[in-house]
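Visitor: Shown below is the structure under consideration.
The values are calculated or read from the model by the stated rules, or taken from the named source; none is laboratory data. If you're wondering where the values come from, they're calculated on a predicted model, not measured in any experiment. Positions of Cβ are backbone-derived with ideal geometry, glycine not excepted, and every protein chain shown enters the neighbour counts.
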Amino acid sequence: MSDPILIGRPSDAALGEQLLGTTWRPGGRGWKLAFTISGALMLLLFALVTYTVVTGIGLWGNNIPAAWAFAIINFVWWIGIGHAGTFISAILYLFEQGWRTSINRLAEAMTLFAVMQAALFPALHLGRPWFAYWLFPYPSQMKVWPQVKSALPWDAAAVTTYFTISLLFWYLGMLPDLASLRDSAPTRRRRIIYGLFALGWNGKASTWRHYKAAYLVLAGLATPLVLSVHSVVSSDFAIGLVPGWHSTIFPPYFVGGAIFSGFAMVLTLVIPARAVFRLHNVITPRHLESCAKLMLVTGLVVAYGYIVEWFLAWYSGNAAELYQAWIARPTGPGRLAFYASMICNVLLPQVLWWGRARRSVWLLWPLSLLINVGMWSERFMIIVQSLLREYLPSMWATYTPTWVDLGILAGTLGTFTFLFLLFLRLVPIISVSEMREMTHDLVRGEHHG
Amino acid sequence: MADRVLAEYETEDALAAAIRRFHGEGYRRLDAYLPFPAHEVDEALGGRPSRLPYAIFVFGILGAGGAYFLQWFLVGFLYPLIVGGRPPHFPLAFVIITFEMGVLFAGLSAFFGTLVVGRLVRLLDEVQGTPGFDSATRDRFWLEVSMRDPAYDSGVARRLLAETGALRIEVPEVLR
């Protein structure tokens, strides 16, 4: 590890000026343009969700046999993206990886916004989303309860817990910075607003002690969630008998894919944010390289998943499984998704074995976009392609999404970007108190070591 | 009537040295305000580690136990329905929700527990509005000496603060 995790040794005041300043320096023309475009896409999402709720999900392209299509693909894709945020903020915290400090706030924000997009889809996919509360065991005079032996309430529990824990972890970590903003923001209005959100944080040593204990416990609680949420999501498929779904490799395969796509999204967001806010001293090539290495590792887990799927199909000797894995996917109606996932998820990430590629933003950024495309294609391949080629050839069909499907996907991309742009301007995108602690530790290490 | 003296220090080491000096003079009711959790200050202050994790553990167990009980109560007892050959009380199928609710309740208690034991979410606190105290969330380290400390003596305290290099000394007005 030659590259440092922090360039220079800025003072506490300088760190505050640089990292808190992102909230009060005016946004440029590019930011306004991005804000307008993503805001327009968010309005498109609102319109199409309203249209879907009022008319029904017949507006979408899914039908028997492909009853699960865009909504479930988007759900799995978005929630997978969230996983890298939790991986960075929780698992790397427990392993005391110093480089996580510069990017954990941003990655956690990505998680929250991605889970928000994801949660929309199962609710809409119910067909009658106004009954979504039936998923929760509320006291009802009908005396009919959620069937907790089916996968849907598991998803509801897993996603609700994941969102809540991510939100609490993010907000707790932000309290000291909100207090810092309360005390240093330039206008009175900002001071009042940040003061309210800071919940009266005053940096008392005894409060810090409880805070650190709670933060560590939350990191420990979020750690199993990284592994469990996507395992539960994958169980939705694995408990079905559909060829291409019914496989025990699914939990690790999905978790690997989730972290893989999440790191790609982290790079997609970090690289422009670093350039726009000139954060090169705190987000160094070391951070990009570490993300790229994890992307390479999790990409190999995904490739292993593909290989095991082929192997198990062959080993099972089941004609439908064999046909699904060996013929339908590479030659069937959705073959484009198959080739996109092989190229973007298996072939292209191998360039990351090369050290210079891992540090080059010009290579990493396009690669991260392609990996996101590849992972979306992979979910298309697993979900739709499997349903199109089930046991009975008389059930075989093709699938075409409608403009509403495409519009809703674009709308969630816009909403995600919109929320992220708001985040960039409203709160410090890098944890200032953690950066101060880290800088002091680094300085101390240099003086005494 | 004022009940505490606040003093600003330039570095965490200066503050930690001041805390040790006050401890040496018999002061016990000291606290500090810091822009980040500095280990030196924590060590100098001493005190026992937070016991919040025990409470979080209890809430987590209650959440998990409650979730398991509720699942059994609803689908194993109140409205037993056999789907896919699974018996009404089917522990394996209850594992996921039990685990998730354990994590959820532990997480909620970690967050709200911090607010409660850290005495946050108050409209006003004792040190708010002290002139220059803004720096405590920026780059300065503040010592708090309680006047209720049995060892407290105004003259001695001021002399110690001056000797340990306090940049400024403030006596906040009590707001009640």
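Visitor: For a quick check of your reading of the model, give me the residue pairs whose first member lies in region A:186-201 and is free of Cβ contacts under 8 Å to residues at least 24 places away in the same chain, whose second is β-branched (Val, Ile, Thr) and in a loop (DSSP other than H, G, I, E, B), with beta-carbon atoms closer than 6 Å and at least 6 apart or on different chains.
Guide: Cβ pairs passing all conditions: A:GLY200/B:VAL121.
Visitor: From the set of residues in region B:129-138 that are within 14 Å of A:ARG191 (Cβ to Cβ) and facing another protein chain (nearest Cβ under 7 Å), which is surrounded by the fewest Cβ atoms within 10 Å (Cβ to Cβ)? Let's see the steps before the verdict.
Guide: Kept after step one, since they are within 14 Å of A:ARG191 (Cβ to Cβ), are these residues of region B:129-138: B:129, B:133-134, B:137-138.
Those left that are additionally facing another protein chain (nearest Cβ under 7 Å): B:134, B:137-138.
On the way: B:ASP134: 14, B:THR137: 29, B:ARG138: 19.
Checked region B:129-138; the qualifying residue surrounded by the fewest Cβ atoms within 10 Å (Cβ to Cβ) is B:ASP134.
Visitor: Still on this structure, I have one more. Mind counting the residues in region B:1-37 that are at the interface with chain A (Cβ under 7 Å from one of its Cβ atoms) and among the aliphatic types (A, V, I, L, M)?
Guide: Number of matching residues: 2.
Visitor: Counting only residues that are of a type outside the set (Val, Ile, Thr), facing chain A (nearest Cβ under 7 Å) and part of a helix (DSSP H, G or I), how many does region B:109-118 have? Working first, answer last.
Guide: Step one: list which residues in region B:109-118 are of a type outside the set (Val, Ile, Thr), which gives B:109-113, B:115, B:118.
From what is left, the residues that are facing chain A (nearest Cβ under 7 Å) are B:110-111, B:113, B:115, B:118.
Filter once more, keeping what is part of a helix (DSSP H, G or I): B:110-111, B:113, B:115.
The qualifying residues number 4.
Visitor: Give the residue, chosen from A:THR223, A:THR207, that is touching a Gly at 6+ places or on another chain (Cβ under 9 Å) and of a type in the set (Ser, Thr, Tyr). Break it down stepwise before answering.
Guide: Working: A:THR223 fails: touching a Gly at 6+ places or on another chain (Cβ under 9 Å).
Just one listed residue meets the conditions, A:THR207.
Here's the yes/no breakdown for (1) within 30 Å of B:ALA136 (Cα to Cα); (2) in contact with a strand residue (DSSP E or B) (Cβ under 9 Å, 6 or more places away or on another chain); (3) assigned to a loop (DSSP other than H, G, I, E, B); (4) touching a residue at least 40 places away in the same chain (Cβ under 8 Å):
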{"position": "A:LEU348", "(1), (2), (3), (4)": "no, no, no, no"}
{"position": "A:TRP376", "(1), (2), (3), (4)": "no, no, no, yes"}
{"position": "A:ILE383", "(1), (2), (3), (4)": "no, no, no, yes"}
{"position": "A:GLY407", "(1), (2), (3), (4)": "no, no, no, yes"}
{"position": "A:GLY411", "(1), (2), (3), (4)": "no, no, no, yes"}
{"position": "A:GLY414", "(1), (2), (3), (4)": "no, no, no, yes"}
{"position": "A:LEU419", "(1), (2), (3), (4)": "no, no, no, yes"}
{"position": "A:PRO428", "(1), (2), (3), (4)": "yes, no, yes, yes"}
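Visitor: What residue, of A:GLY28, A:GLY16, A:GLY39, is farther than 29 Å from A:PHE250 by Cα and surrounded by fewer than 14 Cβ atoms within 10 Å (Cβ to Cβ)?
Guide: Values: A:GLY16 fails: surrounded by fewer than 14 Cβ atoms within 10 Å (Cβ to Cβ); A:GLY39 fails: surrounded by fewer than 14 Cβ atoms within 10 Å (Cβ to Cβ).
Residue meeting the stated conditions: A:GLY28.
Visitor: May I ask you to verify whether A:ILE343 is surrounded by fewer than 17 Cβ atoms within 10 Å (Cβ to Cβ), modelled with pLDDT of 95 or more and farther than 22 Å from A:PRO243 by Cα?
Guide: Working: surrounded by fewer than 17 Cβ atoms within 10 Å (Cβ to Cβ): yes; modelled with pLDDT of 95 or more: yes; farther than 22 Å from A:PRO243 by Cα: yes.
Spelling it out, A:ILE343 is indeed surrounded by fewer than 17 Cβ atoms within 10 Å (Cβ to Cβ), modelled with pLDDT of 95 or more and farther than 22 Å from A:PRO243 by Cα.
Listed here are the residues, each with its yes/no results for (1) within 22 Å of A:ALA69 (Cα to Cα); (2) modelled with pLDDT of 95 or more; (3) within 20 Å of the chain's Cα centre (by Cα); (4) not hydroxyl-bearing (Ser, Thr, Tyr).
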site: A:TYR306; (1), (2), (3), (4): yes, yes, no, no
site: A:ALA319; (1), (2), (3), (4): no, no, no, yes
site: A:PRO333; (1), (2), (3), (4): yes, no, no, yes
site: A:TYR339; (1), (2), (3), (4): yes, yes, no, no
site: A:PRO366; (1), (2), (3), (4): no, yes, yes, yes
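Per-residue answers, yes or no, for (1) in a helix (DSSP H, G or I); (2) farther than 23 Å from A:LEU294 by Cα; (3) in contact with a strand residue (DSSP E or B) (Cβ under 8 Å, 6 or more places away or on another chain):
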position: A:GLY16; (1), (2), (3): yes, yes, no
position: A:LEU19; (1), (2), (3): yes, yes, no
position: A:ALA34; (1), (2), (3): yes, yes, no
position: A:VAL54; (1), (2), (3): yes, yes, no
position: A:ALA67; (1), (2), (3): no, yes, no
position: A:TRP78; (1), (2), (3): yes, no, no
position: A:GLY82; (1), (2), (3): yes, no, no
position: A:THR86; (1), (2), (3): yes, no, no
position: A:ALA90; (1), (2), (3): yes, no, no
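Visitor: Which numbered condition trips up A:MET174, out of (1) more than 17 Å from the chain's Cα centre (by Cα); (2) facing chain B (nearest Cβ under 9 Å); (3) among the hydrophobic types (A, V, I, L, M, F, W, C); (4) buried (at least 22 other Cβ atoms within 10 Å of the Cβ)?
Guide: That leaves (2) as the condition not met.
Visitor: On the given criteria, is A:VAL302 touching a Gly at 6+ places or on another chain (Cβ under 6 Å), part of a helix (DSSP H, G or I) and not basic (Lys, Arg)?
Guide: On the way: touching a Gly at 6+ places or on another chain (Cβ under 6 Å): yes; part of a helix (DSSP H, G or I): yes; not basic (Lys, Arg): yes.
Answer is yes for this residue.
Visitor: Still on this structure: Mind checking which residues of region A:202-231 are more than 16 Å from the chain's Cα centre (by Cα), at the interface with another protein chain (Cβ under 7 Å from one of its Cβ atoms) and in contact (Cβ under 8 Å) with a residue 24 or more places away in the chain?
Guide: A:GLY203, A:TYR211, A:ALA214, A:LEU218, A:LEU221
Visitor: Name the single residue, out of those in region B:74-87 being closer than 16 Å to A:PRO137 by Cβ and facing chain A (nearest Cβ under 9 Å), that is farthest from the chain's Cα centre (by Cα). Reasoning before the result, please.
Guide: Taking region B:74-87 and keeping what is closer than 16 Å to A:PRO137 by Cβ, we get B:74-81.
From what's left, facing chain A (nearest Cβ under 9 Å): B:74-75, B:78-79, B:81.
Values: B:LEU74: 38, B:VAL75: 41, B:LEU78: 43, B:TYR79: 44, B:LEU81: 47 Å.
Out of the qualifying residues, it is B:LEU81.
Visitor: Condition (residue is out of contact with any Phe, Trp or Tyr (no Cβ under 8 Å at 6 or more places or on another chain), touching a residue at least 60 places away in the same chain (Cβ under 8 Å) and within 16 Å of A:VAL404 (Cα to Cα)) applied to region A:17-37: is it met by at least one residue?
Guide: Scanning region A:17-37 turns up no residue that is out of contact with any Phe, Trp or Tyr (no Cβ under 8 Å at 6 or more places or on another chain), touching a residue at least 60 places away in the same chain (Cβ under 8 Å) and within 16 Å of A:VAL404 (Cα to Cα).
Visitor: Are any residues in region B:23-47 of a type in the set (Gly, Ala, Ser) and outside any loop (DSSP other than H, G, I, E, B), and if so, which ones? Full working, then the answer.
Guide: Let us first name the residues in region B:23-47 that are of a type in the set (Gly, Ala, Ser), namely B:24, B:26, B:32, B:38, B:44, B:46-47.
Once the filter is applied, which keeps residues that are of a type in the set (Gly, Ala, Ser) and outside any loop (DSSP other than H, G, I, E, B), region B:23-47 yields B:GLY24, B:ALA32, B:ALA44.
Visitor: Then there's this: Does any residue of region A:246-260 turn out to be small (Gly, Ala, Ser), assigned to a helix (DSSP H, G or I), in contact (Cβ under 8 Å) with a residue 12 or more places away in the chain and in contact with a Leu (Cβ under 6 Å, 6 or more places away or on another chain)? I'd like the intermediate steps shown before the answer.
Guide: We begin by selecting, within region A:246-260, every residue small (Gly, Ala, Ser); these are A:247, A:256-258.
Among the residues that remain, those that are also assigned to a helix (DSSP H, G or I) are: A:256-258.
Within this subset, residues satisfying the condition of being in contact (Cβ under 8 Å) with a residue 12 or more places away in the chain are A:256-258.
Going one step further and asking which of them are in contact with a Leu (Cβ under 6 Å, 6 or more places away or on another chain), we end up with none.
Looking through region A:246-260, none of the residues is small (Gly, Ala, Ser), assigned to a helix (DSSP H, G or I), in contact (Cβ under 8 Å) with a residue 12 or more places away in the chain and in contact with a Leu (Cβ under 6 Å, 6 or more places away or on another chain).
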